[in-house]
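Here the structure comes first, spelled out in structure tokens, and everything after it is commentary.
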Amino acid sequence: MEEPAYVSIAGQYARKIRNGDLPPGVQLPSYAEIAKRNGVSDIVVRKAIELLQTQGLVRTVQRRGVFVTDRPNLVRVSPERQMESAETTFSNESASGIQVERESIQVRATDSLAETFGVAPGDEITLVVTRATEDGRPISISDTYLAPGVTDISSATTLEEILADRIPSPTHATWLRTTPGELTKAVHQRFFAADGRTIMVSDVSYPWNRYDAFAFRMPLV
């Protein structure tokens, strides 16, 4: 899925804030300057700034401008981050060394997954396991199942997410190096096509203290 311009611009500034190029208290360029540098409209810049505010990275002072917050918090925002690769997302969150590895295999659909995707139990579906580290420290692991014939989320129109503090599965616990009984931040995702079909489900685990907050946006119709 192509990344929207406002997400890309927000990512540029998030990266600069995370790595210290834009320290706390410094003022960002004006909307007009950012728009000119990136060849976009003021509306796009406004959405980028709103995303940075949601992430806790900047604050707006009336009649003065936009400033980096005194204590930038690490906030996970949806659905914007779904439009990025894991490499881009985690690089925007940290100036440390990020490494992402993926393993894609064909598995047989369990009864539950068969019902979710509308296939027969035992049919082949794709499982993608994604593991991420920050300077060698595990920060994320996900198990993503795709419906037959689906390769990505480009055809998805709706995202549903459920957030919970949970004891991770054995494989997730091993990767995140949690102690027995330790909770993780768990996100269960379902991506739907326009016709209502589920085309992808994903279970993501993060260390419990990875994010200060989780922010969700959804259309109200």
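The values are calculated or read from the model by the stated rules, or taken from the named source; none is laboratory data. Values in this document were obtained by computation on a predicted structure and should not be read as measured data. Cβ placement follows ideal geometry from the backbone for every residue including glycine, while neighbour counts extend to all protein chains displayed. SASA here: full protein model, heavy atoms, side chains in, ligands and nucleic acids out. Shrake-Rupley method; radii C 1.70, N 1.55, O 1.52, S 1.80 Å.
Just to make sure I understand: if all protein chains stay in place, what is the order of ILE125, ILE98 by accessible area at 1.4 Å, largest first? Present the calculation step by step, with values, prior to reporting the outcome.
Working: ILE125 0, ILE98 45 Å².
Largest to smallest exposure gives the sequence ILE98, ILE125.
Report, largest value first, the span of the C-alpha coordinates of segment 70-182 along each principal axis, in whole Å.
Its Cα atoms span 52, 36, 24 Å along the three principal axes.
Once each part is reduced to its C-alpha centroid, what is the distance from segment 53-129 to segment 155-221 in angstrom?
After rounding, the separation between the Cα centres reads 9 Å.
Ignoring ligands, DNA and RNA, what accessible area per residue does the chain give at 1.4 Å, in Å²?
54 Å²
Need one number: the % of Cα-Cα pairs in segment 123-184 sitting beyond the 17 Å mark.
Values: 1052 of 1891 pairs.
Considering segment 123-184, 56 percent of its Cα-Cα pairs are separated by more than 17 Å.
In what sequence, largest accessible area first, do GLU33, GLU134, GLU115, GLU3 appear using a 1.4 Å probe? List each step's numbers first, then the result.
On the way: GLU33 90, GLU134 20, GLU115 155, GLU3 60 Å².
Solvent-accessible surface, decreasing: GLU115, GLU33, GLU3, GLU134.
Mind checking the dipole of segment 70-221: about its Cα centre, +1 per Lys or Arg Cβ, -1 per Asp or Glu Cβ, Debye to the nearest 20? Don't skip to the end; give the middle numbers.
Details: 14 positive and 22 negative charges, 51 e Å.
It works out to roughly 240 debye.
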